[in-house]
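Colleague: Here it is: the structure, laid out below.
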Amino acid sequence: MNSESIEQRLAKAMAELEATEAAVARAESELAHAEATVRSADRSVEVTVSAQGDMTALTFLNDKYRTMPAGQLAASVLEAVQEARARMARKVMATFEPFTKASTEAPELSGFDVDWNKIFGPGVLDGPKAGRRRGGARLRDEISEDPED
């Protein structure tokens, strides 16, 4: 039988909960200004996204973009955005991962389950290298095949 009284266990659980709330607040504060910046593989564009995955900056590097076909430039932008979002999603996951584990001090606090795909959307965690190239190639074809007006 456990020698701790219910009051002691409750006090321990409350202290653990308060510590967790403070840690979550610190994590949210840290991520409020977090960014991920990625260059496309062809080094023609650089993209920055926020912790929410919103694109906050797009830079065309050198003057390479001036000579690129529209479809290729669009694919480079999409590739960089997707990779930046995937990197930021992994950072968010790493930041909040400790809160998904059960408490060592208060076993009653079991942590929480997170459906990361529901939060970030399907495929975000895969980045552009996991099945995204096909979509990028399709986009290039569609853009280059559109008749000029």
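Only the coordinates and a few stated rules stand behind these numbers; no lab work does. Owing to the predicted nature of the structure, the values given are computational and were not obtained by experimental measurement. Cβ sites come from the backbone with ideal geometry, for glycine too, and all protein chains shown count toward neighbours.
Colleague: Would you pull out the residues with amide H under 5 Å of Val45's amide H, same chain only if 5 or more places away, H placed 1.01 Å from N?
Modeller: Ser40, Leu61
Colleague: Efficiency by 1/(1 + (r/R0)^6): what FRET value for Leu10 and Thr100, r their Cβ-Cβ distance, R0 = 22 Å, to the nearest 0.05?
Modeller: Numbers: r = 23 Å, r/R0 = 1.05.
For R0 = 22 Å, the calculated efficiency reads 0.40.
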